[in-house]
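Everything on this sheet refers to the single structure shown next.
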Amino acid sequence: MLLTRRKFAIGWGAFASSAVLDARFGFGDPASAGTLLQIPTLVDAAKQGNAVKLKVMPGRHAFIEGKPTQTYGYSAPILGPVIRMQRGDEVQVTVENALDTVTTVHWHGLLIPGYNDGGPQQLIQPGKNWRPILKINQPPATLWFHPHPHHDTARQIYMGLTGMIIVDDGSDDRLRLPRTYGVDDLPIILQDRSFEPDGSIGYDNNDLNALDIAYGARGDTIIVNGAIAPVAKIPSGLVRLRLLNAANAQNFDLRFRDRRTFHVIASDGGFLAEPVAVNELVISPAERFEILVDFADGKAVALETGPDKEMGEFGRVAPDGSADYVAVMQFEPTAGIANLKQVPKRLIDTSAVSVSSAVRRRQFVLDSGLCASRPQASAHGDMPALIGINGKPFDLRRIDVETKLGTTEIWEITSIGMAHPFHVHGALFRILSIEGAPPAAHLTGWKDTVLVEDKAEILVAFNQPATRQHPFMYHCHILEHEDAGLMGQYICS
Ligand code: C2O
Ligand code: CU
């Protein structure tokens with residue numbers, strides 16, 4: 001409801017009067033009186049016999065003080081735990097669905113067979129449990145989990161269902177990386193929301209309009225780990241941030257207010273070969289980057305985001321258009337424990353990309369134009385479906401692609417309508433070219449999601465099986481696009 005009215009006015013007068021914003025945080029200013037950054041509970045699977053329980057449940061959470069609203073969470077009122085899993089372990093997860101609606105839990109980035117992947121086929125009915133055994137066998141990385149029920153993914157994530165996974169193999173020690181959870185190793189979950197005057201977030205599948213579907217749901221207020229403009233107290237040294245963009249549609253264009261250099265050490269699939277120095281970083285929906293930031297100078301600094309360039313004028317976040325970059329959160333170094341000061345020179349040996357090994361090449365054209373011929377194809381009330389991938393909106397009964405286990409393929413992704421963050425389940429890929437050029441250094445590692453403005457070529461490695469009954473998905477990670485049909489299915493055997 002709210003989304004429809006306000007969303008497309010992203011940025012402007014519609015919410016300039018919002019109490020949230022002016023009380024906390026002028027758009028040009030860091031939040032100094034803001035709430036502390038909430039650190040999700042760490043569930044260290046190995047320390048509890050590799051048995052992890054997750055309860056998908058409704059909750060209440062006050063984004064705005066004194067104005068609690070209905071939310072969803074995993075064993076929490078909003079968001080969920082950060083689950084640390086050790087490479088080589090088998091983790092028995094018990095998911096209980098305590099919502100009054102059907103859900104699934106998809107382990108985004110985990111390399112596991114299709115039957116445990118939690119895609120739209122793997123529905124957990126209200127009151128029921130799902131007990132996948134996750135065999136962790138991939139390099140250390142920052143992953144996440146979220147619902148994936150067809151036509152309801154966007155709403156359920158918007159309501160709060162997002163958790164993080166850390167795959168660990170002990171290499172942090174060897175690499176001398178910050179690794180004390182909640183102290184110098186912080187999960188940073190970036191999202192955006194719009195609030196009603198009573199503090200509620202609303203998302204009604206039956207009330208989305210064509211623009212909501214065409215551009216995805218975008219809020220006027222950025223939240224980090226569920227809080228507006230929080231402050232993180234961190235040690236005066238090297239700090240590792242595990243950035244996750246869990247927004248429905250918004251790209252964040254991050255930098256520090258003082259433009260300090262920071263180092264990207266990992267992307268979706270794990271470590272880069274070596275740290276990459278940058279002072280600005282675009283992160284699109286579902287992407288993760290781990291960065292090292294040096295706070296040894298002891299100065300407080302805001303992390304800020306610029307307008308979503310993919311949205312032109314509509315991409316601005318400052319309501320009155322007064323600032324191009326707005327503060328997302330504030331970091332305040334405190335004197336404290338002895339910290340790491342040195343960014344490592346090398347991280348891992350990444351294998352060279354072997355294009356000649358690819359067994360075939362496929363084209364995927366993602367088109368978010370409205371599908372005129374199938375106006376009722378979406379379950380979003382009477383919302384039109386999108387044209388889809390290669391001209392076809394998603395169909396649960398159709399397998400689009402068959403791949404061979406142990407092979408690699410070159411996939412050419414073309415975006416029409418706008419830039420689409422393309423994601424493949426059950427596989428990792430390397431970017432061969434993007435917008436006609438080789439990828440920037442921080443995009444040269446293993447990925448599972450890539451923002452494609454125009455065209456990208458990726459080399460996908462298929463090492464997990466998926467049957468017709470439990471195929472893997474590939475899709476645009478703008479959640480309204482995914483729900484409205486920009487998704488396909490592949491099997492692998
Ligand atoms: Cu985050 Cu189908 O995925
Ligand atoms: Cu899209």
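The values are calculated or read from the model by the stated rules, or taken from the named source; none is laboratory data. Because the structure is a prediction, the values reported are computed rather than measured. Note that each Cβ is placed from the backbone with ideal geometry, even for glycine, and that neighbours are counted across all protein chains shown. Each accessible area value is taken on the protein alone, full model and side chains, heavy atoms only, with ligands, DNA and RNA left out. Shrake-Rupley method; radii C 1.70, N 1.55, O 1.52, S 1.80 Å.
Some values worked out for this structure:
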item	result
Candidate set from segment 106-130 (those that are open to solvent by 30 Å² or more (accessible area, probe 1.4 Å) and more than 15 Å from Ala466 (Cβ to Cβ)); member that is farthest from ligand 1 (Cβ to nearest atom)	Gly127
Residue list for segment 450-493, restricted to those being within 16 Å of ligand 1 (Cβ to nearest atom) and assigned to a loop (DSSP other than H, G, I, E, B)	Gln464, His470, Pro471, His477, Ile478, Ala484, Gly485, Leu486
Cβ pairs under 6 Å, 6+ apart, first in segment 386-398 and in contact (Cβ under 8 Å) with a residue 24 or more places away in the chain, second open to solvent by 20 Å² or more (accessible area, probe 1.4 Å) and part of a loop (DSSP other than H, G, I, E, B)	Pro393/Ala377
Any hit, segment 197-210, residues being open to solvent by less than 10 Å² (accessible area, probe 1.4 Å) and among the small types (Gly, Ala, Ser)	yes
Some residue of segment 433-445 being under 21 Å from Trp144 (Cα atoms), at pLDDT 95 or above and in contact with an Asp or Glu (Cβ under 7 Å, 6 or more places away or on another chain)	no
Strands (runs of 3 or more DSSP E) wholly inside segment 267-316 that include at least 3 residues being open to solvent by less than 10 Å² (accessible area, probe 1.4 Å) and in contact (Cβ under 8 Å) with a residue 12 or more places away in the chain	288-294, 301-306
Positions within segment 449-464 being among the β-branched types (Val, Ile, Thr) and more than 20 Å from Ser493 (Cβ to Cβ), in sequence order	Thr449, Val450, Val452, Ile458
Among residues of segment 281-295, those that are within 16 Å of ligand 2 (Cβ to nearest atom) and under 12 Å from the mean Cα position of the chain (by Cα), counted	5
Selected residue [within 16 Å of ligand 1 (Cβ to nearest atom) and crowded, with 19+ Cβ neighbours inside 10 Å] from Ala154, Ala214	Ala154
So Thr101, is it open to solvent by 20 Å² or more (accessible area, probe 1.4 Å), more than 27 Å from Arg242 (Cα to Cα) and either out of contact with any strand residue (DSSP E or B) (no Cβ under 6 Å at 6 or more places or on another chain) or not in a loop (DSSP other than H, G, I, E, B) (or both)	yes
Among the candidates Thr94, Thr71, residue that is buried (at least 17 other Cβ atoms within 10 Å of the Cβ) and part of a strand (DSSP E or B)	Thr71
All positions within segment 419-449 that are within 16 Å of ligand 1 (Cβ to nearest atom), part of a strand (DSSP E or B) and more than 12 Å from Leu272 (Cβ to Cβ)	His420, Pro421, Phe422, His423, Val424, Ala427, Leu428, Phe429, Thr449
Any chance Ile83 is of a type in the set (A, V, I, L, M, F, W, C), more than 16 Å from ligand 1 (Cβ to nearest atom) and either open to solvent by 20 Å² or more (accessible area, probe 1.4 Å) or under 22 Å from Gly270 (Cβ atoms) (or both)	no
Hey, Leu405 within 16 Å of ligand 1 (Cβ to nearest atom) and assigned to a loop (DSSP other than H, G, I, E, B) or not	no
